[in-house]
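Worksheet: one structure, shown below.
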């Protein structure tokens, strides 16, 4: 299944944990929905080796109803790895 969600740039930057005016944020966040919380943690651990320290550990976000973390891949794309909490 594929979905497209459109949000204002400022909201996307806040979600990615970056400055919305910076050069390092293209205004797009790619999201992978994992099956379990353990899968989220496993994928983020694997991303540490590739992301040059640009990884945010997974945490529960009650306001969003999910468990998610973020990383930036070597090409500069921002990713969210998430699952329902």
Flag for residue 32 being closer than 22 Å to residue 3 by Cβ, buried (at least 19 other Cβ atoms within 10 Å of the Cβ) and in contact (Cβ under 8 Å) with a residue 12 or more places away in the chain: no
Flag if residue 85 is assigned by TED's automatic domain parsing to the domain that holds residue 5 and within 20 Å of residue 3 (Cβ to Cβ): no
Search result, residues across region 35-57 that are loosely packed, with under 11 Cβ neighbours inside 10 Å and at pLDDT below 85: 49, 53
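The values are calculated or read from the model by the stated rules, or taken from the named source; none is laboratory data. Bear in mind the structure is a predicted one, so any value in this text is a computation, not a measurement. Note: ideal-geometry Cβ built from the backbone for every residue, glycine included; neighbour counts use all protein chains shown.
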